[in-house]
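**Student:** Have a look at the structure that comes next, please.
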């Protein structure tokens, strides 16, 4: 009887130990499964965040676009002969229009454009005339603003030295205040002279030189008050 009771007790003891071991095993398994799950999730997150776009293709495309744009800007546009003649005629017509309106700034702009077009057409003779035209109309505007002809005539007829001295000072003042017109014109006339020097001497050569001499004469008058008689042949 005692043996049977002892066996029952041993059986119960081993049975309870087996359950606790199973419980511990189950809990350990669950923990392991949870850790594995967390690791897999973390791995997925790492994989997601480390996926990079291949930007080399995009950058290459952008580079090509930029290069194409720069090339298109730097490409020299060659105009046809008909386009150049059209440009010349347009600019010349505009310049002639503004001469009637005494708009010197626009006269300079359009005669200069006409000269450039003629030069590209290898018509240096026409180009030279357009540059001389700038000098011619600039001198006319200078004379108009300074009342040049009237003041020169008065200077030539005044006998009273004191009155003449006062008139000289007035003329000098007027010339100096408007000399910027001639200063600009001289640059175009010098360019015309340079182009003309590459061609045969002609009446054009004399006219350009006469316009340059007039500007130089005005400059000397302003600085020295030394006025001498001269005749102009401006065309």
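Matching residues to (1) surrounded by fewer than 17 Cβ atoms within 10 Å (Cβ to Cβ); (2) in contact (Cβ under 8 Å) with a residue 40 or more places away in the chain:
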{"site": "129", "(1), (2)": "no, yes"}
{"site": "161", "(1), (2)": "yes, no"}
{"site": "176", "(1), (2)": "yes, yes"}
{"site": "186", "(1), (2)": "no, yes"}
{"site": "198", "(1), (2)": "yes, yes"}
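**Student:** Take the stretch 98-108 and flag every residue that is part of a helix (DSSP H, G or I) and surrounded by fewer than 16 Cβ atoms within 10 Å (Cβ to Cβ).
**Tutor:** Within the stretch 98-108, 100, 105, 106 qualify.
**Student:** So, one more: Inside the stretch 124-229, counting only helices (runs of 4 or more DSSP H) that do not spill past its ends, which hold 1 or more residues that are within 36 Å of the chain's Cα centre (by Cα)?
**Tutor:** So the answer is 124-146, 161-196, 203-224.
**Student:** Consider residue 116 carefully, then state whether it is part of a helix (DSSP H, G or I) and at pLDDT 95 or above. Break it down into steps so the answer makes sense when it comes.
**Tutor:** Working: part of a helix (DSSP H, G or I): yes; at pLDDT 95 or above: yes.
Considered against the rule, which asks whether it is part of a helix (DSSP H, G or I) and at pLDDT 95 or above, residue 116 comes out as yes.
**Student:** Also, I was wondering about something else. Working only within the stretch 141-159, note down all residues that are crowded, with 16+ Cβ neighbours inside 10 Å and over 15 Å from residue 217 (Cβ atoms).
**Tutor:** 141
The values are calculated or read from the model by the stated rules, or taken from the named source; none is laboratory data. Just so we're clear, the structure is a prediction, and the values are computed from it rather than from any experiment. In this analysis, Cβ positions are derived from the backbone assuming ideal geometry, glycine residues included, and neighbour counts consider all displayed protein chains.
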